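The values are calculated or read from the model by the stated rules, or taken from the named source; none is laboratory data. This is a predicted model, so every value here is computed, not measured. All Cβ positions, glycine included, derive from the backbone under ideal geometry; neighbour counts span all protein chains shown. What goes into the accessible areas is simple: the full protein's heavy atoms, side chains included, and nothing from ligands, DNA or RNA. Shrake-Rupley method; radii C 1.70, N 1.55, O 1.52, S 1.80 Å.
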Amino acid sequence: MSSTLPLLVAWFVAVAIPGPDFVAVLRTSAAHGRRAGLSVAVGVVGGMACWATCALVGLSAVIARYEHLYLVIRTVGAVLLFLYGARVLIGAFRGPRPETGHGVPTPDQGGSHSFWRLGLFTNLANPKAVVFFGALFASLLPHGLSVGGRVGVLGAILAIGLAWYVVVASAASSALVVAAYRRAGRAIDLVAGTVFAITGIALVPRN
């Protein structure tokens with residue numbers, strides 16, 4: 001376990017840095033409650049599982065080698081992120097809607113499955129994640145680690161990611177944060193929607 005500690009510490013630092021996943025969990029929890037935020041978190045971890053598994057079995061090299069495959073994945077991800085950001089922005093500009101969940105206006109309606117898909121697609125939208133995992137494992141994964149050890153590392157990575165976003169969802173769905181969202185929901189949605197839209201535009205492949 002001690003041999004993989006540097007890798008797990010580096011992973012925790014990386015996952016704790018705010019990005020689109022963080023914004024998705026934070027906003028959903030404040031707008032729709034802890035359960036919805038946890039559904040997003042589970043979706044995010046599902047995306048992490050896909051990319052980390054790809055890196056562990058060597059598919060990151062395949063994606064890096066076949067540029068067209070990488071570009072297709074990246075383009076689809078960029079479009080998904082942009083469309084979600086645009087949807088949030090449109091809802092913010094339209095103003096308050098009938099109250100649901102915590103009693104805050106919600107620009108995007110849907111059940112737990114839609115929140116799970118949001119988390120999954122938000123994470124899968126950036127194929128650079130598999131490159132990151134590949135670099136992380138190449139530099140910090142102990143040489144000659146057994147298959148069981150690799151499965152253990154994968155499980156620890158996913159557990160760390162899930163634990164972090166459970167904390168985020170719980171904090172964001174607290175009464176204090178929900179009250180703040182009720183007061184400044186439009187401004188928060190404008191920021192969140194802009195983050196997603198800009199991230200999507202930034203991911204669009206360029207020649």
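Points worth noting:
- Once you divide the Cα radius of gyration of the range 109-200 by 2.2 N^0.38 Å, the number left is 1.44.
- Cα-only Debye scattering, the range 163-207: base-10 log of I(q)/I(0) at q = 0.19, 0.24 Å⁻¹: -0.74, -0.88
- Heavy-atom accessible area order for W116, W164, W11, largest first, 1.4 Å probe: W116, W164, W11
- Summed residue charge, Cβ within 14 Å of Y165's Cβ, Lys/Arg positive, Asp/Glu negative: +2
- Applied to the range 48-58, the Karplus parametrisation 6.51 cos²θ - 1.76 cosθ + 1.60 on θ = phi - 60° returns per-residue 3J(HN,Hα) values of 4, 4, 4, 5, 5, 5, 4, 5, 5, 8, x Hz, with x for Gly and Pro.
- Pair V167, L71: separation of 7 Å Cα→Cβ label points (nm): 4.1 nm
- Area of F22 that stays accessible when all protein chains are in place (1.4 Å probe, Å², to 10): 40 Å²
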